[in-house]
Amino acid sequence: MSRHEDCIFCKIIEGEIPSAKVYEDEDVYAFLDISQVTKGHTLVIPKKHVKNIYETDAETAEKLFARVPRIAEGIKQAFNPNGMNVLNNNEEAAGQTVFHLHLHLIPRYGKEDGFG
Ligand code: 5GP
Ligand code: ZN
């Protein structure tokens, strides 16, 4: 897969940086975010290195988004949240800090995390 040398998420995919794996197939990898906004906060990334949504080909986007319902259902089963946010930051101005495309799946529990 097109790895980018200085990319921490490419290193996570290859196991050079440890991560708590949530899901993996030939195209997509999902793992717990190191700073959990809520319990079960997960990042879903394509194995192909693309910087963000602006630089993503349709095939990579399709594969990435196609896996989200299944991964979200797994998180729901494991953590039993009441809802979930799916977020994506593109470029620094929008809060992107790691420049390998990723979706945040953030389980929501209601009052205890500020909602409800
Ligand atoms: P962004 O701000 O780019 O949308 O999100 C990047 C996310 O990557 C942040 O929520 C941050 O906590 C997470 N992150 C950064 N470095 C690591 C790491 O080495 N391991 C894991 N599991 N998450 C990381
Ligand atoms: Zn990368």
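Worth a mention:
- Every listed requirement among (1) more than 19 Å from I106 (Cα to Cα); (2) touching a residue at least 24 places away in the same chain (Cβ under 8 Å); (3) surrounded by 13 or more Cβ atoms within 10 Å (Cβ to Cβ) is met by E91 save one, (3).
- Selection within the stretch 61-116: residues that are assigned to a helix (DSSP H, G or I) and among the basic types (K, R). The member of this set that is farthest from ligand 1 (Cβ to nearest atom) is K111.
- Test result for V68, touching a strand residue (DSSP E or B) at 6+ places or on another chain (Cβ under 8 Å), of a type in the set (V, I, T) and closer than 14 Å to V37 by Cα: no
- Residues that are surrounded by 14 or more Cβ atoms within 10 Å (Cβ to Cβ) and within 16 Å of ligand 2 (Cβ to nearest atom) do occur in the stretch 77-88.
All of the numbers you see were taken from the coordinates with simple rules; none came from a lab. Not measured: the values here are computed from a predicted model. Heads up, the Cβs are rebuilt from the backbone with ideal geometry, glycines too, and the neighbour counts pull from every protein chain shown.
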